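**Student:** Starting off with a structure, shown below.
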Amino acid sequence: MTEVPDTMLAWTKTADKTGGFSRIEHDVPKPAEGEVLVKTHSTSVCGTDIHIWKWDQWSRENVPLGTITGHETCGQVVALGPGVESHALGDMIAVECHIACWACPRCDEGNAHICENGSIFGVHSNGAFGPYFTVPAVNARPVPPGLDSGHASIQDPLGNAIHTLTGGPVEGATVAIHGLGPIGLFAVNAAKAMGAAYIIAVDWDNTYRMELAKSLGADLVLGKENDVVAEIRAATEGRGVDNSCEFSGSPQALSNTIHSTRMGGYVNILSVYGNPTPQVPMNEIVFRYLHIKGINGRKMWSTWDTMHDLLEQGLIDVNAVLTHRMPIDSFEQAVELAIAGECGKVVLDFD
Ligand SMILES: NC(=O)c1ccc[n+]([C@@H]2O[C@H](COP(=O)([O-])OP(=O)(O)OC[C@H]3O[C@@H](n4cnc5c(N)ncnc54)[C@H](O)[C@@H]3O)[C@@H](O)[C@H]2O)c1
Ligand SMILES: [Zn+2]
Ligand SMILES: [Zn+2]
């Protein structure tokens, strides 16, 4: 194993403005008690990284200037902090970015993804747009057999998709996926893999992603030319789908999910809304007895277990969703490509 250097160059949010990243020198971190030091293999660009690039209100309130961002990542363990027995040098791991205290009531009840004292790796503290990072050993998840280690960084968004989808019935169910960004595309793929009876994929005008959804198993693809609610009802004998998932962040799509879910059905919402108070047709929710659920992160560890089962069986077409790989030198171009949207997942590789 190559020797770990003392310093490294890492992409860092340094300026209080849109863009505002520079690749600057940092000390390579030392793993504290219970942590591992990881040599980054690859890190993918997430919608959260786009928020931080655009430096919106949420980012300004959450990301300290000087932070190395990037949280969807995988790499090789190169040093162990005191007390770590769960990992060995050379292990390939992928990161669960929700760092939990494992001691609060939410952690005790099995909801560590919403830990009361939680923080997010690569948002609230340094992450993985640099060649080395430290993370609690429990957050360094082994890469399942059957998954190319170069693809392992996409387990964070794939896990988001599976967590959202499994908020309602999937096997034998009718499912609608609203918003075909990388996470929505993974949800189409996962719905197919988990045996959904009929899958409807909805975007606004991104024909590149609509085509991808079709190839991943969507039975019906809808866009801005369609009356989404009427067409979903028509495709489901007038009832609406059993399980609607919202991945677009559009208030219109949120309203569509509620109007096109069957009586007593499930609406699962992962999106973050630019306008935090979108109009919601409340009486539809009440009279139609809908189950509405906000989704955050991935269940630790049941979502990861479900995901590893699907990956081990080769049921997720990672290659189809991972449309672009670029060297880490091209970080700025990668974020701009993700903003433009002519892509699925964009992954940055280290050497
Ligand atoms: N809660 C969490 O833990 C969590 C984690 C990651 C991402 N997110 C959120 O999940 C969402 C999905 O992330 P992503 O990176 O896949 O998104 P993305 O922004 O890449 O894709 C959104 C897609 O929605 C489409 N869209 C726009 N208006 C639409 C409409 N009216 N109907 C249908 N589709 C429409 C866009 O064309 C785009 O393809 C984002 O809102 C993101 O912020 C939440
Ligand atoms: Zn992410
Ligand atoms: Zn906790």
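**Student:** Within the range 264-351, which trypsin sites (Lys or Arg not before Pro) sit in a loop by DSSP and count at most 15 neighbouring Cβ atoms inside 10 Å?
**Tutor:** none
**Student:** While we're looking at this one, here's another question. Place +1 on the Cβ of every Lys and Arg and -1 on the Cβ of every Asp and Glu in the chain, take the dipole about the Cα centre, and give the residue among I99, H291, A230 whose Cα lies farthest towards its positive end.
**Tutor:** A230
**Student:** What area, in nm² and to one decimal, does the C-alpha convex hull of the range 64-115 cast on average over all directions?
**Tutor:** So the Cα hull casts an average projection of 5.3 nm².
**Student:** Cα-based Rg of the range 91-152 per 2.2 N^0.38 Å, rounded to two decimals?
**Tutor:** 1.23
**Student:** Quick check for you: with a 1.4 Å probe and neighbouring chains kept, what is the accessible area per residue of the chain, in Å²?
**Tutor:** Result: 42 Å² of accessible area for each residue.
**Student:** Ignoring ligands, DNA and RNA, please state the percent of accessible area on the range 161-294 from carbon and sulfur, probe 1.4 Å.
**Tutor:** Roughly 52 percent, rounded to a whole number.
**Student:** Then there is this: Can you give me the Cα centroid spacing of the range 63-94 and the range 235-298 in angstrom?
**Tutor:** Centre-to-centre (Cα) distance: 36 Å.
**Student:** Next up: Could you estimate the translational diffusion coefficient of the range 161-294 from the Stokes-Einstein equation, with Rh from the Kirkwood formula over C-alpha pairs, at 4 °C and 1.567 mPa s, in whole µm²/s?
**Tutor:** 92 µm²/s
**Student:** Still on this model: Using DSSP to define loop residues, name the GluC sites (Glu not before Pro) in the range 23-99 whose beta-carbon has at most 15 other beta-carbon atoms within 10 Å.
**Tutor:** Here the GluC sites (Glu not before Pro) that fit, given the DSSP loop and packing criteria, are E33, E85.
**Student:** Sticking with this one: Quick one: putting +1 on the C-beta of Lys and Arg, -1 on the C-beta of Asp and Glu, what dipole do you get for the chain around its Cα centre, in Debye to the nearest 20?
**Tutor:** Around 720 debye, computed over the chain.
**Student:** For the chain, what does -39500 (n - 2.57) per DSSP helix run (n ≥ 4), summed and divided by total residues, give at 222 nm, in deg cm²/dmol to the nearest 500?
**Tutor:** -7500 deg cm²/dmol
**Student:** If you don't mind, another one. Restricting to lysines 8 or more places apart or on different chains, can you count the pairs in the chain with Cα atoms under 22 Å from each other?
**Tutor:** Within the chain, the lysine pair count is 15.
**Student:** What distance in nm lies between label points placed 7 Å from Cα along the C-beta direction at S119 and Y289?
**Tutor:** Distance between label points: 4.6 nm.
**Student:** Same structure, new question: Please name which of Y266, L65, V36 has its Cα lying farthest along the dipole of the chain towards the positive end, using unit charges on Cβ (Lys, Arg +1; Asp, Glu -1) and the Cα centre as origin.
**Tutor:** Y266
**Student:** Under unit Cβ charges (Lys, Arg +1; Asp, Glu -1), what dipole magnitude, rounded to 20 debye, does the range 161-294 have relative to its Cα centre?
**Tutor:** Computed about the Cα centre, the dipole is about 240 debye.
**Student:** In addition: If the chain between M263 and D227 were fully stretched, how many nm would it gain, using 0.36 nm times the residue separation less the Cα-Cα distance?
**Tutor:** 11.0 nm
**Student:** Provide Rg and Dmax in Å for the chain, with only Cα atoms included in the calculation.
**Tutor:** For the chain, the Cα-based Rg and Dmax read 20.1, 64 Å.
**Student:** Between L9 and K54, take the C-beta separation as r, use R0 = 22 Å, and let me know the FRET efficiency to the nearest 0.05.
**Tutor:** Efficiency, rounded to the nearest 0.05: 0.40.
**Student:** If you filter the range 185-256 for GluC sites (Glu not before Pro), then keep DSSP loop positions with at most 11 other Cβ within 10 Å, what is left?
**Tutor:** E225, E237
**Student:** With contacts defined as alpha carbon pairs under 8 Å and 6 or more residues apart, what's the relative contact order of the chain in percent?
**Tutor:** Relative contact order here is 17 percent.
**Student:** From the residues F331, V78, Q155, which one has its Cα farthest along the dipole of the chain in the positive direction, the dipole being from +1 and -1 charges on Cβ of Lys/Arg and Asp/Glu about the Cα centre?
**Tutor:** With unit charges placed on the Cβ atoms, the residue in question is Q155.
The values are calculated or read from the model by the stated rules, or taken from the named source; none is laboratory data. This structure is a prediction, so every number in the text was calculated from the model and none was measured. We place every Cβ from the backbone using ideal geometry, glycine too, and count neighbours over all the protein chains shown. What goes into the accessible areas is simple: the full protein's heavy atoms, side chains included, and nothing from ligands, DNA or RNA. Shrake-Rupley method; radii C 1.70, N 1.55, O 1.52, S 1.80 Å.
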